[in-house]
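Right, I'll just put the structure down here and ask away after.
The values are calculated or read from the model by the stated rules, or taken from the named source; none is laboratory data. Small disclaimer: the values here were computed from a predicted structure and weren't measured. Every residue, glycine among them, receives a Cβ derived from its backbone with ideal geometry; neighbour counts consider all protein chains shown.
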Amino acid sequence: MRDGYGREIDYLRLSVTDLCNYRCRYCMPEAGVVKLSHGDILSVEEIGEIGAAAVDCGIRKIRLTGGEPLVRRGILDICRLLAAIPGLSELCMTTNGSLLAQYAGPLREAGVDRLNISLDTLAPEKFASITRRGRLSDVWAGVDAAERAGFSRLKFDVVLIGGFNDGEIADFADLTRTHPWEVRFIELMPMGECAGWDPACFLSDEAVLRACPELLPIGAEGVARRYRLPGAAGSVGLISPMSCDFCGECRRIRLTADGKLKGCLHSREEIPLRGLHGDALRSAIRRAVASKPERHRLTETGS
Ligand code: SAM
Ligand code: SF4
């Protein structure tokens, strides 16, 4: 599918729940989000039907996200249904890693191809503070379990936060010297909980290149510009929604946990898919793609 700006759209990010067992300070309020009632979130079967229709329309990669996807009841059934869709090339998940020790093996068996693990600090006390309730040791136990289950090229997503983890950039990059992992630094976006944060918290990814001047560019993959430390087993990625023309390379659409399709994470326009089937469902998906905005406006509003 091509959108109105000629971009090929083949990637669906699918939120399976709004809920999370963490409360990352930049993402969720201390009290959590208002729980959608059970009937408001898409059922396992509805997710399977929408996934299949999206693949019919040209989606080739689906990423499960949230909230925290591993707190969703029926997550393994969702994975099995989606993995079985003919024509889907990749089923991925982004997780905070807290429950991976228990879920990594079953996720692999259910057909998940790749995992991204979000990890903003390597220091246990800072981890407890940024997530408000997480334990770093749980995430490392999850990483071990994921590797044992056969998830070999793990990606770690690190949100860059000035004054919080900018002193750890080189330590994160060092992980890639011996592990075949990709550590990706993501610019903090001023949305939700962090919209009013001090401007000093919002770092450009140039901070990574300053902290690790020996990084060598090795090309781009999707919205990530990739680098390698000399002789390293893994790589470093920079994802720059704020400072770079990230939107020109965007191939994604997003489905909310209650079944609304959005052309962009930041757009207000949503196309409700619930209750649609067959041609009506496929044409709603194509409409969402056609109306995908050219770019997000986060930098313009300054919000
Ligand atoms: N709970 C899962 C996790 O944390 O990986 C999946 C959902 S979480 C919303 C997906 C990713 O969005 C995480 O890597 C998180 O750090 C990132 N994120 C959340 N708020 C952000 C913001 N304001 N700016 C940049 N990234 C953000
Ligand atoms: Fe939960 Fe992920 Fe948000 Fe952290 S970033 S509160 S883990 S949804």
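Report every pair of residues separated by at least 6 positions or lying on different chains whose Cβ atoms are under 8 Å apart, first residue within segment 198-218 and within 21 Å of Phe164 (Cβ to Cβ) and touching a residue at least 24 places away in the same chain (Cβ under 8 Å), second surrounded by 17 or more Cβ atoms within 10 Å (Cβ to Cβ) and of a type in the set (S, T, N, Q).
Matching pairs, first to second residue: Ser204/Ser240; Asp205/Ser240.
Continuing with this model, one more query. Taking into account only those residues within segment 53-72 that are over 14 Å from the mean Cα position of the chain (by Cα) and within 16 Å of ligand 1 (Cβ to nearest atom), which is surrounded by the fewest Cβ atoms within 10 Å (Cβ to Cβ)? If you could, list the steps in order and put the result at the bottom.
Initially, segment 53-72 is screened for residues over 14 Å from the mean Cα position of the chain (by Cα), giving 53-60, 71-72.
Cutting the leftovers down to within 16 Å of ligand 1 (Cβ to nearest atom) gives us 71-72.
Values: Val71: 18, Arg72: 22.
By that ranking, first place goes to Val71.
Consider only pairs whose beta carbons are under 6 Å apart and that are at least six residues apart or on different chains; among these, list those whose first residue lies in segment 121-142 and is within 16 Å of Cys27 (Cα to Cα) and whose second residue is part of a helix (DSSP H, G or I).
Sorted first by the residue in segment 121-142, then by its partner, the pairs are Thr121/Phe127; Phe127/Leu136; Gly134/Phe127.
In segment 243-268, what residues are in contact with a Ser or Thr (Cβ under 6 Å, 6 or more places away or on another chain) and not small (Gly, Ala, Ser)? Spell out the reasoning first.
Kept after step one, since they are in contact with a Ser or Thr (Cβ under 6 Å, 6 or more places away or on another chain), are these residues of segment 243-268: 243, 246, 256-257, 263.
If the condition is that a residue be in contact with a Ser or Thr (Cβ under 6 Å, 6 or more places away or on another chain) and not small (Gly, Ala, Ser), then Phe246, Thr256 are the ones that fit.
Restricting attention to segment 146-190, which residues are in a loop (DSSP other than H, G, I, E, B) and modelled with pLDDT of 95 or more?
Initially, segment 146-190 is screened for residues in a loop (DSSP other than H, G, I, E, B), giving 150-154, 161-165, 179-181, 188-190.
Gly150, Phe151, Leu154, Ile161, Gly162, Gly163, Phe164, Asn165, His179, Pro180, Trp181, Leu188, listed by residue number.
Of all residues in segment 237-263, how many are at pLDDT 80 or above, of a type in the set (A, V, I, L, M, F, W, C) and under 24 Å from Ile161 (Cβ atoms)? Quick ask: steps written out before the conclusion?
In the first step, residues of segment 237-263 are kept if they are at pLDDT 80 or above; the result is 237-242, 250-263.
Checking the rest, the ones that are also of a type in the set (A, V, I, L, M, F, W, C) come to 238-239, 242, 250, 253, 255, 257, 261.
Okay, now just the ones that are also under 24 Å from Ile161 (Cβ atoms), so 238-239, 242, 250.
Number satisfying all stated conditions: 4.
If a residue must be in a strand (DSSP E or B) and at pLDDT below 95, how many such residues does segment 215-224 contain? Reasoning before the result, please.
Step one: filter segment 215-224 for residues in a strand (DSSP E or B), giving 216-221, 224.
Then keep just the ones that are at pLDDT below 95; that gives 219-221, 224.
Counting residues in segment 215-224 that are in a strand (DSSP E or B) and at pLDDT below 95 gives 4.
Going through segment 225-280 one residue at a time, which ones are part of a strand (DSSP E or B) and hydrophobic (A, V, I, L, M, F, W, C)?
At the first step, the residues of segment 225-280 found to be part of a strand (DSSP E or B) are 225-228, 235-239, 252-255, 260-262, 271-272.
Val236, Leu238, Ile239, Ile253, Leu255, Leu261, Ile271 - these are the residues of segment 225-280 that are part of a strand (DSSP E or B) and hydrophobic (A, V, I, L, M, F, W, C).
Considering only residues of segment 158-174 that are buried (at least 18 other Cβ atoms within 10 Å of the Cβ) and closer than 14 Å to Gly234 by Cβ, which is nearest to ligand 2 (Cβ to nearest atom)?
The selected residue is Val158.
Would you please name the residue that is farthest from ligand 1 (Cβ to nearest atom), looking only at residues in segment 87-102 that are of a type in the set (A, V, I, L, M, F, W, C) and touching a helix residue (DSSP H, G or I) at 6+ places or on another chain (Cβ under 9 Å)?
Across segment 87-102, the extreme among qualifying residues is Leu88.
Sticking with this structure for a sec: Is at least one residue of segment 265-272 touching a helix residue (DSSP H, G or I) at 6+ places or on another chain (Cβ under 7 Å) and farther than 29 Å from Phe156 by Cβ?
In the first step, residues of segment 265-272 are kept if they are touching a helix residue (DSSP H, G or I) at 6+ places or on another chain (Cβ under 7 Å); the result is 266, 271.
When the remaining residues are screened for being farther than 29 Å from Phe156 by Cβ, the result is 271.
Scanning segment 265-272, I find at least one residue that is touching a helix residue (DSSP H, G or I) at 6+ places or on another chain (Cβ under 7 Å) and farther than 29 Å from Phe156 by Cβ, so the answer is yes.
Name the residues in segment 1-31 that are more than 17 Å from Leu64 (Cα to Cα) and outside any loop (DSSP other than H, G, I, E, B), would you?
Within segment 1-31, Arg2, Glu8 qualify.
One line per residue, one yes/no per condition, for (1) free of Cβ contacts under 8 Å to residues at least 12 places away in the same chain; (2) touching a helix residue (DSSP H, G or I) at 6+ places or on another chain (Cβ under 9 Å); (3) more than 11 Å from ligand 2 (Cβ to nearest atom):
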site	(1), (2), (3)
Tyr5	no, yes, yes
Glu8	no, no, yes
Tyr11	no, no, yes
Ser15	no, yes, no
Ser37	yes, no, yes
Gly67	no, no, no
Ile85	no, yes, yes
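In addition: Just name the residue that is surrounded by the fewest Cβ atoms within 10 Å (Cβ to Cβ) out of those in segment 226-267 that are of a type in the set (Lys, Arg) and under 16 Å from the mean Cα position of the chain (by Cα).
Narrowing segment 226-267 to residues of a type in the set (Lys, Arg): 226, 228, 251-252, 254, 260, 262.
Restricting the remaining residues to those that are under 16 Å from the mean Cα position of the chain (by Cα) gives 251-252, 254, 262.
Details: Arg251: 18, Arg252: 20, Arg254: 21, Lys262: 21.
Looking at the filtered set, the residue picked out is Arg251.
Given the criterion within 12 Å of ligand 2 (Cβ to nearest atom) and either without any contact (Cβ under 8 Å) to a residue 40 or more places away in the chain or among the basic types (Lys, Arg) (or both), identify the matching residue among Arg63, Arg23. Break it down stepwise before answering.
Details: Arg63 fails: within 12 Å of ligand 2 (Cβ to nearest atom).
Just a single option satisfies the conditions, and that option is Arg23.
Hey, can you tell me all the residues within segment 113-139 that are of a type in the set (A, V, I, L, M, F, W, C) and touching a Leu at 6+ places or on another chain (Cβ under 9 Å)? Reasoning before the result, please.
Going residue by residue through segment 113-139, those that are of a type in the set (A, V, I, L, M, F, W, C) are 115, 117, 119, 122-123, 127-128, 130, 136, 139.
Within segment 113-139, Leu115, Ile117, Leu119, Leu122, Ala123, Phe127, Ala128, Leu136, Val139 qualify.
Separate question: Go through segment 154-191 and report how many residues are away from ligand 1 (no atom under 14 Å from the Cβ), touching a Gly at 6+ places or on another chain (Cβ under 8 Å) and in contact (Cβ under 8 Å) with a residue 60 or more places away in the chain.
Final tally of qualifying residues: 1.
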